[in-house]
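Some notes on the structure that comes next.
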Amino acid sequence: GSEAVNLPQAQRAFNELSKDYSRLTQQFGLQKAGSEVELQVPRAFRTQIGEALDAYLSMQKALAQDRLDRAQQGKKLLGEILGSIDPSLLKGAAQEKWTELFANWQAALDAMDQARDLATFRQCFAVLSEAMNVVVKTFGISPQQPVYKMFCPMAFEGQGAIWLQKEKEIRNTYFGAAMPGCGEIT
């Protein structure tokens, strides 16, 4: 398409690219971006997810400050909020998706109950962060606000891990004070 000198040539190039893309998605079983079923999520449910995100963010800040005690308090609060989320607000596909994601979220929180040191808690937090990221992306939050997905490529011996933050300035959850600025916004 970059060699097109007029609109008809650009349209032909676009049509060929669209056909190629369709063949690729069919051949590899991929789903086109934006073709997911639009979930109907009421504001009351998004508000509950927003409250859960706030508790999660308190854990994130505590871990960035190497404060296991505060992170454990945030985990307790998040567990209480998670238990109070009302799935009956959802219907159909949204309720099915919530059931699936709730199990992942709960498993991450359950694993945190066994964590007795900062390193183990951070490993559990990585799993929780993946679950939280999917929940926030899937259902949204209310009130709407910026949430940044951060990535530290060095976490867990180079495996890398994500976490969510409200601020753009990186506050590394996995290295804390040792490497507070390690990571990137994804």
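The values are calculated or read from the model by the stated rules, or taken from the named source; none is laboratory data. Since the model is a prediction, treat every value here as computed from it, not as a measurement. Here Cβ is always computed from backbone atoms with ideal geometry, including for glycine, and neighbour counts include all displayed protein chains. These area figures cover heavy atoms from the full protein model, side chains too; ligands, DNA and RNA do not enter into them. Shrake-Rupley method; radii C 1.70, N 1.55, O 1.52, S 1.80 Å.
Structural remarks
- Take the Cβ atoms of A111 and Q40, set R0 to 22 Å, and the FRET efficiency comes out at 0.10.
- Max mean-square fluctuation residue, GNM over the chain, Cα-Cα springs under 10 Å, options G74, G83, G158: G158
- Between K91 and E3, the contour length at 0.36 nm per residue exceeds the Cα-Cα span by 26.8 nm.
- Options N15, Y174, F102, ranked by Cα towards positive dipole end of the chain, top entry (Cβ charges): N15
- Candidates P153, T47, G92 compared by Cα position along the dipole of the chain: farthest toward the positive end lies T47, with charges placed on Cβ.
- For K166 and F102, the FRET efficiency from 1/(1 + (r/R0)^6), where r spans their Cβ atoms and R0 equals 22 Å, is about 0.40.
- Over the chain, dividing the summed -39,500 (n - 2.57) contributions of all DSSP H runs of at least 4 residues by the number of residues returns a 222 nm mean residue ellipticity of -20000 deg cm²/dmol.
- Couplings 3J(HN,Hα) of the range 47-62, computed from phi: 5, 5, 5, x, 5, 5, 4, 4, 5, 4, 5, 5, 5, 4, 5, 5 Hz, in residue order, whole Hz [Karplus 6.51 cos²θ - 1.76 cosθ + 1.60, θ = phi - 60°; x for Gly and Pro].
- In terms of packing, defined here as the mean over residues of other Cβ atoms within 10 angstrom, the peptides 139-149, 11-21 line up highest first as 139-149, 11-21.
- Extension gain, D69 to K137: 0.36 nm times the residue separation minus the Cα-Cα distance gives 21.6 nm.
- Which listed pairs, of K137/K166; K137/K168; K91/K149; K97/K137, have C-alpha distances above 20 Å, in listed order: K91/K149
- GNM flexibility winner over the chain from Q106, Q40, Q159 (Cα, springs under 10 Å): Q159
- Per-residue ³J(HN,Hα) for the range 151-165, Karplus 6.51 cos²θ - 1.76 cosθ + 1.60, θ = phi - 60°, Hz, x for Gly and Pro: 9, 10, x, 8, 4, 6, 6, x, 5, x, 7, 9, 7, 9, 9
- Counting only protein heavy atoms and a probe of 1.4 Å, the accessible surface of the chain is 52% carbon and sulfur.
- Solvent-accessible surface of the chain, taken per residue with a 1.4 Å probe and all protein chains present: 59 Å².
- Size of electric dipole in the range 45-109: Cβ of Lys, Arg +1 and of Asp, Glu -1, about Cα centre, debye, nearest 20: 100
- C-alpha long axis of helix 92-114 to longest principal axis of the chain, angle in °: 40
- The string of couplings for the range 14-19 from the Karplus curve (6.51, -1.76, 1.60, θ = phi - 60°) is 5, 4, 5, 4, 4, 5 Hz, one whole number per residue in order, with x for Gly and Pro.
- Summary of the geometry: the range 112-186 and the range 49-107, compared by the centres of their Cα atoms, lie 13 Å apart.
- Across all C-alpha atoms in the range 63-186, the radius of gyration and Dmax reach 14.8, 46 Å.
- Charged-residue dipole, Cβ positions (Lys, Arg, Asp, Glu), the chain about Cα centre, Debye nearest 20: 260
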